[in-house]
Amino acid sequence: MWKLTLLGAPALELNGRAIHIRRRKAWALLAYLAVSPHKQTRETLAALLWPEHDERAGRADLSRVLSSLRKALDPDLFLSDRQSVMLHTGAELWVDVLHFRELLDARRAASTEEPQGAQHNRLVAATNLY
């Protein structure tokens, strides 16, 4: 299972083994895709990560970074075509930011009949992640 931590210094593990990503833009792309629930257009990603480039140059840089991530991680982790990119929704990827949100959402949605201990445990778990 992939484990991506973004609260604090970014880190990536596969089955407990650290995976090193050298480029900051690769980290930024991976993080953005991990917390985005849907496809992102290549145009948007290029503008976000390379605002100083024109669209053509930004898309070329995006392709290079995406290619390096595929080689370093797993080609099947990414779904992409000529227009968009996203992380494979079926990938076994745990992301601390998403888990943090889930814990807080569950706490907010908890009924008043739920035991206080369960609500407290969610808040403690979220705090520990943060």
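What to note about this one:
- Scan the stretch 58-99 for residues that are modelled with pLDDT under 90 and aromatic (F, W, Y) and the total you get is 0.
- Test for L104: is it under 26 Å from N128 (Cα atoms), open to solvent by less than 90 Å² (accessible area, probe 1.4 Å) and at pLDDT below 95: yes
- Screening V85 on (1) of a type outside the set (S, T, Y); (2) surrounded by fewer than 18 Cβ atoms within 10 Å (Cβ to Cβ); (3) within 14 Å of the chain's Cα centre (by Cα) shows it passes everything except condition (2).
- Of residues in the stretch 33-50 being in a loop (DSSP other than H, G, I, E, B) and surrounded by fewer than 18 Cβ atoms within 10 Å (Cβ to Cβ), the one modelled with the lowest pLDDT: P37
- Test: residue in the stretch 18-31 that is part of a strand (DSSP E or B), free of Cβ contacts under 8 Å to residues at least 24 places away in the same chain and open to solvent by 20 Å² or more (accessible area, probe 1.4 Å): yes
- Extreme residue, nearest to the chain's Cα centre (by Cα), among residues of the stretch 55-82 that are in contact (Cβ under 8 Å) with a residue 40 or more places away in the chain and part of a helix (DSSP H, G or I): L77
- A single entry from E55, E13 fulfils the requirement of being open to solvent by 50 Å² or more (accessible area, probe 1.4 Å), at pLDDT below 95 and of a type in the set (D, E): E55.
- Evaluating S67 against the criteria (1) closer than 28 Å to A126 by Cβ; (2) among the polar types (S, T, N, Q); (3) loosely packed, with under 15 Cβ neighbours inside 10 Å leaves one unmet condition, (1).
The values are calculated or read from the model by the stated rules, or taken from the named source; none is laboratory data. Note that this is a predicted model, so its numbers are computed, not measured. Methodologically, a virtual Cβ is constructed for each residue, glycine included, from the backbone with ideal geometry; neighbour enumeration extends over all protein chains shown. Protein only, heavy atoms only, side chains kept; ligands, DNA and RNA dropped before computing areas. Shrake-Rupley method; radii C 1.70, N 1.55, O 1.52, S 1.80 Å.
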